[in-house]
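Please read the structure below before turning to the comments.
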Amino acid sequence: MTKKILLLMALEAEMGKENIAAIAERCDVHFIGMGKLNAFEATMRALVQGEYECVINVGTCGSFSHPFGSTLYPEAALQGDVYIDPEGLFFTPAEHLGTGDEGCTIVSSDNFIGDDTPERQRTLLAPYDCMDMEAYAVVRAVRLHSSLHGVDEPTIYLAKIVSDGCDGSVGDWESRITQLRPTVRAAVEQIINKIEQTE
């Protein structure tokens, strides 16, 4: 029996209409917007529309250490902003998924990381593989939904494609994202193929 899969991404632009139409034949697709609160609320709304066994969050990200176009499969998600400092009052531990590449980590913040990001914040983020604005919220929403409804937690997969170096190099984002669309689609297809092979 085919597993029911929910695909979540911030914006339609990240994959493009044609790619989304093709992917939608294999899973349910929902757009969750940018930022942690938007992503959390939209994920909760999407989850009540079906009994999903797998949830995939795909999108673009920034990275200090991985080059443009790299595909990353994080195994752990952390909350950025004031929550990333291990010595700070609001530090939030990582959410481990049990999927993805061992040791690969993503931090979700409500601000773009660039040249204007305070040095202290950049130093705290440097050990992590990549940064986005949604992944952590998606993971927390999936787990809260399962807890509230007393249902089995879906298997969560993250796939992130590097669009910039967190250094102001994002430049013409629209042009970059157009280049990355085939890579975004390929990352999703790889995960879905893996899921289907385990059925």
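Only the coordinates and a few stated rules stand behind these numbers; no lab work does. Because the structure is predicted, anything quoted here is derived from the model rather than measured. Heads up, the Cβs are rebuilt from the backbone with ideal geometry, glycines too, and the neighbour counts pull from every protein chain shown.
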What lysines could a cross-link reach from residue 36, if we take a straight Cα to Cα line under 20 Å and drop same-chain neighbours fewer than 8 places away? 160
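Which net charge results for the neighbourhood of residue 111, defined as the other residues with beta-carbon distances under 12 angstrom from its beta-carbon, given Lys and Arg at +1 and Asp and Glu at -1? Kindly include the intermediate steps, with their values, before the conclusion.
Numbers: positive: 36, 122; negative: 81, 110, 116, 132.
With Lys, Arg at +1 and Asp, Glu at -1, the net is -2.
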Added length on full extension, which subtracts the Cα-Cα distance from 0.36 nm per residue, residue 186 to residue 143: 12.8 nm
Simple spin-label model, 7 Å along Cα-to-Cβ: residue 178 to residue 34 in nm? 1.8 nm
Could you give the size of the charge dipole of segment 1-56 about its Cα centre, using +1 on the Cβ of each K and R and -1 on the Cβ of each D and E, expressed in debye and rounded to the nearest 20? 100 debye
Determine the sum of side-chain charges near residue 166: Lys and Arg each +1, Asp and Glu each -1, restricted to other residues whose C-beta is under 10 angstrom from that of residue 166. -2
Counting DSSP beta bridges with both ends in the chain, the antiparallel % (nearest 5): 15 percent
Can you pull the one-decimal nm distance between simple spin-label points at residue 198 and residue 41, each 7 Å off the Cα toward Cβ? 3.2 nm
Everything considered on the Cα gyration tensor (a ≥ b ≥ c; rounded for a/c under 1.5, else prolate if a/b is larger than b/c, else oblate), the chain must be described as oblate
Over segment 5-197, calculate the relative contact order: mean separation of alpha carbon pairs under 8 Å at least 6 apart, over the residue count, as a percent. 31 percent
Cβ-based exposure ranking for 51, 189, 14, in which fewest neighbours within 10 Å come first: 51, 189, 14
Choice from 47, 124, 89 with maximal GNM fluctuation in the chain (Cα, 10 Å cutoff): 89
Give a quick list of chymotrypsin sites (Phe, Trp or Tyr not before Pro) in segment 1-104 that DSSP marks as loop, anything other than H, G, I, E or B, with at most 10 other Cβ atoms within 10 Å. 90
Pick out, from 121, 135, 32, the residue whose Cα sits farthest towards the positive end of the charge dipole of segment 5-197, with +1 on the Cβ of Lys and Arg and -1 on the Cβ of Asp and Glu. 32
In whole Å, what is the distance between the alpha-carbon centres of segment 67-102 and segment 19-59? 20 Å
